[in-house]
Amino acid sequence: MATATGTHKHPNYMMIFWWLAALTVVELAVIFLPLSKLTIGVLLVGLALGKAALVAMYFMHLRFEVRTMGLIAVTPLVIATLLVFLLLPDGFAVDHKSFTKKPAASAPAKH
Amino acid sequence: MSQAAVHSAVEPAETPLTPESWGKLGMWVFLVGDAIGFGTLLASYGAMRATSADWPSPYEVLGINLTAFMTFLLICSSVTMVKALEWLGRGDRIRCRTFLAYTAIGGAIFVGLQAYEWSKLIHEGLHINGNIWGSSLFGTSFFLITGFHGLHVTGGVLYLLAMIRYVTNRPDPMASYNAVEIAGLYWHFVDLVWIMVFTFMYLL
């Protein structure tokens, strides 16, 4: 919450900075790990969300705001997650092999 | 009545659920709309990539050394932004302006590096309507999303320069605290979005 002068409490910004820098280094290291693409993807998204949460909570002072602001701030994340789930079926519905095996020019069309 | 109401620069909160500053609430609402825009762009990028058979490997085409540095630069600029606010809260307008200037310089360097990256990639064969590595939508989405973010950074640099003038014109440091904090929200949002763009477009 704001103080009597309208200013916020100021957390240890340098600590947040080192956390963000360290998480970025971890992100760069993760892509070279001998793990499956899915595992690497989950790790990268988790790290990115962690960094975003640090920026929002401490740099944007969301941690010190009223709950209404937090609810407003979370809205796009909820909508984006819904959008991803809505679009997921498209990814599964496409047969990627159909792109790679192009029919020969002289081959008759199959119906 | 809220304690913050004792200062004229911060409006009184009407209820415990409403913030002290309506300007801050307005900026949050704007940022939420902007975040939905970026979220839609990134989700569409994911959908296009998932349904494409010849999507190039972003890591191999784009490289990450330069963009990793650009990420670090934006994180540094976020720190200088909060430092500017912290100094203003302590009543030091000169240090506040100095840190605002550092933040603007960081943003300007970021935009310059992005222009360099774009020109290098265009020279190598990545275009908005096609490329030599695979799906043409790869280039389209890359230039659209990074360009949209770059425009935000450019706008942020201009906003910061305006804030330096705003602080300069107000002898009472507290008279500009709320406005600088609102500008900071915008700048940190630009940093936050880049964290997502860097992960989804360069690393994944």
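Summary of values
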{"item": "Residues located in region B:168-179, provided they are assigned to a helix (DSSP H, G or I) and under 22 Å from B:Leu25 (Cβ atoms)", "result": "B:Met174, B:Ala175, B:Tyr177, B:Asn178, B:Ala179"}
{"item": "B:Pro173, sole failed condition from (1) closer than 19 Å to B:Ser78 by Cα; (2) within 14 Å of chain A (Cβ to nearest Cβ); (3) touching a Cys at 6+ places or on another chain (Cβ under 8 Å); (4) not acidic (Asp, Glu)", "result": "(1)"}
{"item": "Helices (runs of 4 or more DSSP H) completely within region B:15-134 that count 1 or more residues being more than 9 Å from chain A (Cβ to nearest Cβ), among the basic types (Lys, Arg) and surrounded by fewer than 18 Cβ atoms within 10 Å (Cβ to Cβ)", "result": "B:93-124"}
{"item": "A:Val25 being under 26 Å from B:Ser57 (Cα atoms) and either touching a residue at least 12 places away in the same chain (Cβ under 8 Å) or more than 7 Å from chain B (Cβ to nearest Cβ) (or both)", "result": "yes"}
{"item": "Counted residues, region A:56-82 - those being closer than 20 Å to B:Phe198 by Cα, of a type in the set (A, V, I, L, M, F, W, C) and under 13 Å from the mean Cα position of the chain (by Cα)", "result": "2"}
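Coordinate-derived values only; no laboratory data. Everything numeric here is computed off the predicted structure, so don't read it as measured data. Cβ coordinates were reconstructed from backbone atoms using ideal geometry, including for glycine residues, and neighbour counts include every protein chain displayed.
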